[in-house]
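Before any comments, here is the structure.
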Amino acid sequence: MKNAAYDSYAVFFETLASETRLRIINALRKGPKNVSQLIEATGLEQSCASHCLRKLEEHGFVTVTRDGKFRVYELNHATIEPLMELIDKHTQRYCVHLVKKSSKQSKRKMEATA
């Protein structure tokens with residue numbers, strides 16, 4: 001039988017693993033934004049941004065408030081904001097060199113086949 005905690009972890013990390021949702025999260029790290037502001041900050045299409053925001057809200061990554069006719073999105077300050085700071089520290093220490101290494105290898109492969 002599967003452990004419910006592992007299923008919850010899977011849902012959490014699948015939500016976090018999307019580059020598009022990470023772009024939104026990082027835009028919101030700079031402060032609350034409505035959909036139009038997020039589209040401008042990320043370059044996403046409106047429908048894509050709205051779909052991702054719905055998922056981020058559903059999973060507790062962002063909160064939403066009304067400001068007149070606008071829905072204003074804000075990063076969950078209690079959990080997601082400190083988590084992203086921790087992820088930044090971890091990736092800077094353990095992962096950035098892997099991305100650089102992978103990028104160099106891809107470049108060499110492309111040059112070898114040209």
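Where a number appears in this text, it was derived from the coordinates with a stated rule and is not lab data. Please read all numbers here as calculations on a predicted model, not as lab measurements. FYI the Cβ positions are ideal-geometry reconstructions off the backbone, even for glycines, and counts take in every protein chain you see.
List of remarks:
- The set of residues in region 64-74 that are in contact with a Phe, Trp or Tyr (Cβ under 8 Å, 6 or more places away or on another chain) and buried (at least 17 other Cβ atoms within 10 Å of the Cβ) is empty.
- Residue match in region 45-58 (condition: of a type outside the set (Ser, Thr, Tyr), within 14 Å of the chain's Cα centre (by Cα) and in a loop (DSSP other than H, G, I, E, B)): no
- Entry remark, region 1-31: residues being buried (at least 16 other Cβ atoms within 10 Å of the Cβ) and under 17 Å from Val72 (Cβ atoms) number 4 in total.
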